[in-house]
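**Q** Please see the structure below; I have some questions.
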Amino acid sequence: MIVPNSLSRSLLTAVCLIAASSAAFCQQDPLTSSSHQSVLKTQAVEYLYPEQVSVPAGKTSPVTLHFRIQQNLHINSHAPRSEYLIPTVFSVPETSGVKLADATYPPGADFTLPADPDQKLSVYTGDFTIQAKIVSTPGNHLVEAKLRYQACDQTQCLPPKTIIVPIDVIGK
Amino acid sequence: MKRNTIVIGITFLVLATFAWAGWANWMYRKQAAARALASASNAELVPAAGDVPAGASLTGKPAPNFTLEDLSGNKVSLSSYKGKPLLINFWATWCGPCKIETPWLVELQNEYGPKGFQIIGISSEGNDLKPDDKEGWAHDKAAIAKFVKQEHMQYPVLINGDSLATEYGGLDAMPTSVYVDKDGKVVAMQLGISSKEDMEDHIRKAMGEGQ
């Protein structure tokens, strides 16, 4: 098989073009991409840690996720007492290489609004943790898990929101 | 031939290396950005309940016109209530404080309705449904209809209040109440709940009483 010199030159040109476009792609700031625009508004809940976990590949492994709720706000627990209220739910995208086998949520605390002292709500306030059990395939997975919640203060509520929970999962 | 095979092999190796490096760099930068956003939660963007801050308030201005659908699919415009004092109440099924004030609204409509006053409830579920998401809208409508029935809301209830966010000061929190006089001018705007008495005061103001 003889590859003419012109083909070799073409291949080298292709390499250069791809290198240039790759560099340009890497310069694009993810913060400006449209998928993150909405996150720039209020966040009632902050993901604290862990940023990275190392787990045995293929085995169910526990991971404790720590979150913080802004002062003076509360969010519904995973099991709110009304069908209309939106529960707090943690999820992991199916395509991330990491599967969420189970998630254990803390029990909600009783909370009453001043305007209706007889109605008890089940909520989280301050710091809370979710005990997740994950199964990772071998390798390094940059997982963008999600937490959906709906926050209120004592007189008003913010729309439901989903935040990204970024975790670097290393399956060994 | 051997030389050319080596050239092709090296070329593909370089291509693969660049592709991998580009992807890995992008993913790490994307995750770093997500982390930065996740930790940027200090902003206090929830205004305290009560009168809307001056910059976002419509008080003193004409109430922006709108046309929305009710639960039966009929189109309803604000302009069709011309000449009536109104309370435009933005609410959501997931909003606990909205549920608390709903019985007050029902009572106030019963009391002041015969005098020409009208409440318009506008559901604002805040879930960014696309216009062609039939399943999503059907689910929303079913939940709203159930809530309306349970709470005996006898006044008109419209849907997709989120589409009015820009015109109505952002609608960042529920409930948001806008009181309009018979000339179509906003006389008060309130975020969150306070009390039935406060709402009644605003209604009387919208009706031109007690000024």
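**Q** Would it be correct to say that B:LEU78 is of a type in the set (A, V, I, L, M, F, W, C) and over 21 Å from the mean Cα position of the chain (by Cα)?
**A** no
**Q** Still on this structure: When only residues in the stretch B:169-182 that are more than 14 Å from chain A (Cβ to nearest Cβ) and in a loop (DSSP other than H, G, I, E, B) count, which is farthest from the chain's Cα centre (by Cα)?
**A** By that ranking, first place goes to B:LYS182.
Quick grid of which residues meet (1) surrounded by fewer than 16 Cβ atoms within 10 Å (Cβ to Cβ); (2) touching a strand residue (DSSP E or B) at 6+ places or on another chain (Cβ under 6 Å); (3) not aromatic (Phe, Trp, Tyr):
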| residue | (1), (2), (3) |
| --- | --- |
| B:LYS82 | yes, no, yes |
| B:PRO85 | no, no, yes |
| B:CYS95 | no, yes, yes |
| B:GLU101 | no, no, yes |
| B:GLU107 | yes, no, yes |
| B:ILE119 | no, yes, yes |
| B:GLU125 | no, no, yes |
| B:LYS134 | yes, no, yes |
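**Q** If A:GLN52 passes every condition in (1) within 17 Å of the chain's Cα centre (by Cα); (2) farther than 19 Å from A:LYS146 by Cβ but one, which one does it miss?
**A** Status for A:GLN52: all satisfied but (2).
**Q** Let me ask something additional. Could you tell me whether any residue of the stretch B:193-201 is on the phi < 0 side of the Ramachandran plot, out of contact with any Ser or Thr (no Cβ under 8 Å at 6 or more places or on another chain) and not acidic (Asp, Glu)?
**A** yes
**Q** What tally of residues in the stretch B:47-72 results from selecting those that are farther than 21 Å from B:ASP201 by Cβ, surrounded by fewer than 14 Cβ atoms within 10 Å (Cβ to Cβ) and at pLDDT below 95?
**A** Total meeting the criteria: 2.
**Q** Identify, please: which residue in the stretch A:113-145 is farther than 24 Å from B:PRO97 by Cα and within 11 Å of chain B (Cβ to nearest Cβ) and is, among those, surrounded by the most Cβ atoms within 10 Å (Cβ to Cβ)?
**A** Within the stretch A:113-145, the match that is surrounded by the most Cβ atoms within 10 Å (Cβ to Cβ) is A:ALA145.
Conditions (1) facing chain B (nearest Cβ under 9 Å); (2) free of Cβ contacts under 8 Å to residues at least 24 places away in the same chain; (3) surrounded by 15 or more Cβ atoms within 10 Å (Cβ to Cβ), marked per residue:
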{"residue": "A:GLU46", "(1), (2), (3)": "yes, no, yes"}
{"residue": "A:SER61", "(1), (2), (3)": "no, no, yes"}
{"residue": "A:ASN72", "(1), (2), (3)": "yes, no, no"}
{"residue": "A:HIS78", "(1), (2), (3)": "no, no, yes"}
{"residue": "A:TYR84", "(1), (2), (3)": "yes, yes, yes"}
{"residue": "A:THR88", "(1), (2), (3)": "no, no, yes"}
{"residue": "A:SER91", "(1), (2), (3)": "no, no, no"}
{"residue": "A:GLY97", "(1), (2), (3)": "no, no, yes"}
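**Q** Kindly provide the set of residues from the stretch A:144-171 that are touching a residue at least 40 places away in the same chain (Cβ under 8 Å) and closer than 15 Å to A:LEU73 by Cβ, ordered by number.
**A** The answer is A:LEU147, A:TYR149, A:GLN150, A:ALA151, A:CYS152, A:ASP153, A:GLN154, A:THR155, A:LEU158, A:PRO160, A:LYS161, A:ILE163.
**Q** Something else about it: (1) surrounded by 15 or more Cβ atoms within 10 Å (Cβ to Cβ); (2) closer than 20 Å to A:CYS157 by Cβ; (3) at pLDDT below 95: which one isn't true of A:CYS26, the others all being true?
**A** All conditions pass for A:CYS26, except number (2).
**Q** In addition: Given the criteria touching a Lys or Arg at 6+ places or on another chain (Cβ under 6 Å) and modelled with pLDDT of 95 or more, does B:PRO85 qualify?
**A** Answer is yes for this residue.
The values are calculated or read from the model by the stated rules, or taken from the named source; none is laboratory data. For clarity, every value in this text was computed on a predicted model and none was experimentally measured. Heads up, the Cβs are rebuilt from the backbone with ideal geometry, glycines too, and the neighbour counts pull from every protein chain shown.
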